[in-house]
């Protein structure tokens with residue numbers, strides 16, 4: 001996927017291509033993850049813009065974030081688990097909007 005940052009500095013608008021640097025996500029906030037890689041692209045206000053890549057069979061235990069999360073599945077299919085045991089199936093493209101503190105897998 002191509003990623004371009006459009007920004008304005010001193011009255012000049014620039015288009016800058018971003019090249020993700022991927023890192024395996026072993027754990028986050030003490031919660032172990034498997035088969036997931038991330039690339040932090042840029043800081044944006046109180047949060048940041050992060051790309052996630054899920055390998056087939058990837059696992060993320062129940063977790064949440066303090067910030068609002070905008071998760072867009074570009075391609076692929078899977079399920080997001082909720083605390084009550086229910087699941088939301090997806091087959092990309094699909095957009096998820098997580099409120100702060102909303103636990104999910």
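Just so you know, all these numbers are worked out from the coordinates, no wet-lab data involved. All of these numbers come straight from a predicted model, not from anything done at the bench. Note that we place each Cβ from the backbone using ideal geometry, even for glycine, and neighbour counts take in every protein chain shown.
Here the simple spin-label model places points 7 Å from the Cα toward Cβ, and for residue 31 and residue 1 these points are separated by 2.0 nm. Here the simple spin-label model places points 7 Å from the Cα toward Cβ, and for residue 90 and residue 58 these points are separated by 1.0 nm. Note on the chain: with a GNM built from Cα contacts shorter than 10 Å, the maximum mean-square fluctuation among 87, 55, 14 falls on 14. Just checking my list (i) 44.2, 149; (ii) 12.6, 36; (iii) 15.4, 51 against Rg and Dmax of the Cα atoms in Å computed from this structure; which label fits? Recomputing Rg and Dmax of the Cα atoms in Å here picks out (iii). For the stretch 1-26 versus the stretch 40-72, the spacing of their alpha-carbon centroids is 17 Å.
For the residues 24, 79, 12, a GNM of the chain with alpha-carbon springs under 10 Å puts the largest fluctuation on 12. Each label was represented as a point 7 Å from its Cα along the Cα-to-Cβ direction; for residue 97 and residue 75 these points are 2.7 nm apart.
For a paramagnetic label modelled at 7 Å from the Cα of residue 105 toward its Cβ, which residues of the stretch 74-97 fall within the zone defined by backbone nitrogen distances under 11 Å? Those under the cut-off are 79-88.
Residue order for 2, 51, 42, fewest other beta carbons within 10 angstrom first, comes to 2, 42, 51.
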